[in-house]
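In what follows, a single structure is set out as structure tokens and then discussed.
The values are calculated or read from the model by the stated rules, or taken from the named source; none is laboratory data. Everything numeric here is computed off the predicted structure, so don't read it as measured data. Please note: Cβ atoms are built from the backbone with ideal geometry, for glycine as well, and neighbour counts cover all protein chains shown.
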Amino acid sequence: MLDYHALYEQYHQLLFSIAYRMLGLAQDAEDVVQDVFVSLQHHNSGEIANMKAYLCKLVTNRCLNELKSSRKAKTTYIGPWLPEPIVTAAEGNPAEALALKDDIAYAYLVVMQRLTSAERAVFVLRETLGFTFEDIGEMIGKSAVNCRQLFSRGKRKLDVQKNDAGVPIAPLNPEAEALSTSFSAAFRAGDIASIVELLSEDAILLSDGGGKVKAAVNPIYGRDRVRALLAFSISRYLQNGVIRSVVVNGHNSFMVMHGGKPYGVYALAFTPDGSAISRVYVMMNPDKLNSAARLLELPS
């Protein structure tokens, strides 16, 4: 008889990482994993030859169905759609924090939105987990040749040199992390001049309010316009808000709180050489600030 508790402990983090990479929503990813383990209890375990591959198949196909049903909602979404950030404490290592890798960093998840659902599934299973194209084909009901083509097409879309030189998907280097720290310090100090020095000329700011709170409904292009919006935001935050250092998807950043609640979580992307900040992502949609809200509920 299967020990479902032991299986959950063994595979939960792996399955969550697949679902989160595919969906970009932490709570939806968790729901998918929970559903998979519920369905597993009603399956004849004697028929499962490879439990890891079987569970990955179930999660992947549930995510594909979820993406298909959510496609229409995204087309009617108000403003830019950004992934849900995973926010953890800036100090220590909370037990609930995912062991985040560079390929689940926030900028990476944003770039992953370029891929179709099938491309995303193949890319995650191949690039992140190392499954063969034959195994992936069996999981998602496609031929190995088709999976190889989907992977190649996805790689081209994610090619930083050909598509978006401002958003690297390679691991962050120490210089980029230093830029993030400097940006956070300048933001907290209201030092607009220092922030401008950190931005690339073609910097872009995207804010996700989801129609729930006031946010820019279009991307803000160019250093001057980004500076103007940040200056306006900082003037409001320093009067009415509290800025707290946090870790966003494994990398140092900060969030703004109003009335003791999370109001905005900031994440950054950098030029390929790590010399400047090329993208500023601001999550303001309260439906996507769940991990930040939970963090505030933890005893200090």
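Things to note:
- Segments classed as helices (runs of 4 or more DSSP H), wholly inside region 1-99, with at least 3 members that are at pLDDT below 90 and within 28 Å of residue 269 (Cα to Cα): 51-75
- Helices (runs of 4 or more DSSP H) completely within region 166-250 that count 1 or more residues being in contact with a Lys or Arg (Cβ under 7 Å, 6 or more places away or on another chain) and in the same structural domain as residue 283 (by TED's automatic domain parsing): 192-198
- Region 180-199, residues that are hydroxyl-bearing (Ser, Thr, Tyr), in contact with a Ser or Thr (Cβ under 8 Å, 6 or more places away or on another chain) and surrounded by fewer than 16 Cβ atoms within 10 Å (Cβ to Cβ): 194
- Condition check for residue 280: outside any strand (DSSP E or B), in contact with a strand residue (DSSP E or B) (Cβ under 7 Å, 6 or more places away or on another chain) and not polar (S, T, N, Q): no
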